[in-house]
Amino acid sequence: MARTLAELPAGSRITDYISLGVIARFFPVQKIHEVLEETQRASVRERDLPAHVVVYYVIALALYMRSSYREVLRCLLEGVQWLLDPSSKVKVAGKSGISQARSRLGAEPLKKLYDAVATPIAEKRTKGAWYRQWRIVSLDGSTLDVADTAENDQAFGRPGSSRGSSAFPKIRFVALLENGTHVLWGAHMDRYATDELTLAEKVIPSLRPGMLCMADRFFPGYKLWRMAAKTGADLLWRVRQNARLEVEKRLPDGSYLSRIYASTKNRRKKRNGIVVRVIEYRLQDVAGAEPM
């Protein structure tokens, strides 16, 4: 029996469908349905944009940030059509339909999906992801611009500037990063004014034994170090130049053992100190490198 050669719809791109396949691979539809049921966001009746499609749509928005909302939806729906039923017609919802669908979904299912799916993925052969037996991860924070709306301004705030305030509201986030793959997981975000150390306390529990966690000099402190050490992960954190780390025992390689304390009073009485190993170093062939 003769078979008709399948063709892609006019004006579409093969990358649209490849992107859809990548999304479906890392975010299986079964997992999405589980999250929707758990958060009670599953569609109770058949719609043009059922809840699981809206989840894929929001993820796709991150891949096509420079395209309009409707164009992203067209690419997504044509991908679904090509993969499942090439003979069906694509119906792209209007702006109000898209807005209503996203409002019905809300943020909670996407957060739960992220927490369930976004995890370290490095294999033993992944370059830059390992040092000896340790999986290398980094703890860090940053800020992101969000849309310049009154709602975002009220929810997140914006930094000040010499001429008033910044052009866009911002969110502040702290996350763990898997070196080698750049997978960002365990992330928590809040208002711009929220301190990174406060957010780091919510991120730290995502560490696991077998990880080597690196962090910049802003993070080391008694409370956060103790929390991170209890996870079983090994820690390699840079400290401020003015940190008091008195030599208790010099080791053969030049490093030494010291203790960190929760307060000056505890340090004076040498009470409840945490033993740490201090490594002093300087970056070679880097102009103006400070001793660390």
Hey, could you check region 163-185 for residues that are of a type outside the set (A, V, I, L, M), part of a strand (DSSP E or B) and in contact (Cβ under 8 Å) with a residue 24 or more places away in the chain and say which is farthest from Ile121 (Cα to Cα)? Lys170
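Which residues, counting only those in region 104-119, are part of a helix (DSSP H, G or I) and either open to solvent by 70 Å² or more (accessible area, probe 1.4 Å) or of a type in the set (D, E, K, R) (or both)? Break it down into steps so the answer makes sense when it comes.
We begin by selecting, within region 104-119, every residue part of a helix (DSSP H, G or I); these are 104-105, 108-117.
Of everything in region 104-119, those that are part of a helix (DSSP H, G or I) and either open to solvent by 70 Å² or more (accessible area, probe 1.4 Å) or of a type in the set (D, E, K, R) (or both) turn out to be Arg104, Glu108, Lys111, Lys112, Asp115.
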Tally the residues that are more than 19 Å from Arg172 (Cα to Cα), assigned to a helix (DSSP H, G or I) and touching a residue at least 12 places away in the same chain (Cβ under 8 Å), restricting the search to region 212-232. 7
Over region 30-77, the set of residues modelled with pLDDT under 80, in a loop (DSSP other than H, G, I, E, B) and open to solvent by less than 90 Å² (accessible area, probe 1.4 Å) is Ser43, Arg47, Leu49, Tyr64, Ser67
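If I ask for residues that are part of a strand (DSSP E or B) and within 25 Å of Asp140 (Cβ to Cβ), which ones from region 233-261 would you list? Walk me through how you get there before you give the answer.
Looking only at region 233-261, we keep the residues that are part of a strand (DSSP E or B), and these are 234-237, 249-250, 256-260.
Passing the criteria: Asp234, Leu235, Leu236, Trp237, Ser258, Ile260.
May I ask you to verify whether Pro169 is over 25 Å from Asn272 (Cα atoms), more than 16 Å from the chain's Cα centre (by Cα) and open to solvent by less than 40 Å² (accessible area, probe 1.4 Å)? Write out each step before concluding.
Details: over 25 Å from Asn272 (Cα atoms): yes; more than 16 Å from the chain's Cα centre (by Cα): yes; open to solvent by less than 40 Å² (accessible area, probe 1.4 Å): yes.
It is true that Pro169 is over 25 Å from Asn272 (Cα atoms), more than 16 Å from the chain's Cα centre (by Cα) and open to solvent by less than 40 Å² (accessible area, probe 1.4 Å).
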Checked region 260-287 for anything under 32 Å from the mean Cα position of the chain (by Cα) and open to solvent by less than 100 Å² (accessible area, probe 1.4 Å); matches are Ile260, Tyr261, Ala262, Ile274, Val275, Val276, Val278, Ile279, Tyr281, Leu283, Val286
Can we say Leu176 is surrounded by 13 or more Cβ atoms within 10 Å (Cβ to Cβ) and assigned by the TED database to the domain that holds Val146? yes
Every residue in region 188-211 that is outside any loop (DSSP other than H, G, I, E, B) and open to solvent by 50 Å² or more (accessible area, probe 1.4 Å), please. His188, Met189, Asp190, Arg191, Leu197, Thr198, Glu201, Lys202, Pro205
Those residues that are of a type in the set (A, V, I, L, M, F, W, C) and either within 26 Å of His52 (Cβ to Cβ) or over 20 Å from the mean Cα position of the chain (by Cα) (or both), I need them from region 109-154; list them, please. Leu110, Leu113, Ala116, Val117, Ala118, Ile121, Trp134, Val146, Ala147, Ala150
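Condition first: more than 19 Å from Phe27 (Cβ to Cβ) and out of contact with any Asp or Glu (no Cβ under 9 Å at 6 or more places or on another chain). Now tell me which residues in region 93-103 satisfy that.
Hits for region 93-103 are Gly94, Lys95, Ser96, Ile98, Ser99, Gln100, Ser103.
Count, please, the residues in region 265-288 that happen to be without any contact (Cβ under 8 Å) to a residue 12 or more places away in the chain, part of a loop (DSSP other than H, G, I, E, B) and not acidic (Asp, Glu).
Filtering region 265-288 down to residues without any contact (Cβ under 8 Å) to a residue 12 or more places away in the chain leaves 265-266, 268-272, 281-288.
Subsequent filtering for residues that are part of a loop (DSSP other than H, G, I, E, B) retains 269-272, 281-288.
Narrowing the set further to residues that are not acidic (Asp, Glu) leaves 269-272, 281-284, 286-288.
Here the count works out to 11.
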Could you pull out the residue among Thr264, Thr198 that is among the polar types (S, T, N, Q) and farther than 25 Å from Ser142 by Cβ? Thr264
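The values are calculated or read from the model by the stated rules, or taken from the named source; none is laboratory data. These numbers were taken from a predicted model, which means no experiment stands behind them. Positions of Cβ are backbone-derived with ideal geometry, glycine not excepted, and every protein chain shown enters the neighbour counts. Note: accessible area is taken over every heavy atom of the protein model, side chains too, but ligands, DNA and RNA are not part of it. Shrake-Rupley method; radii C 1.70, N 1.55, O 1.52, S 1.80 Å.
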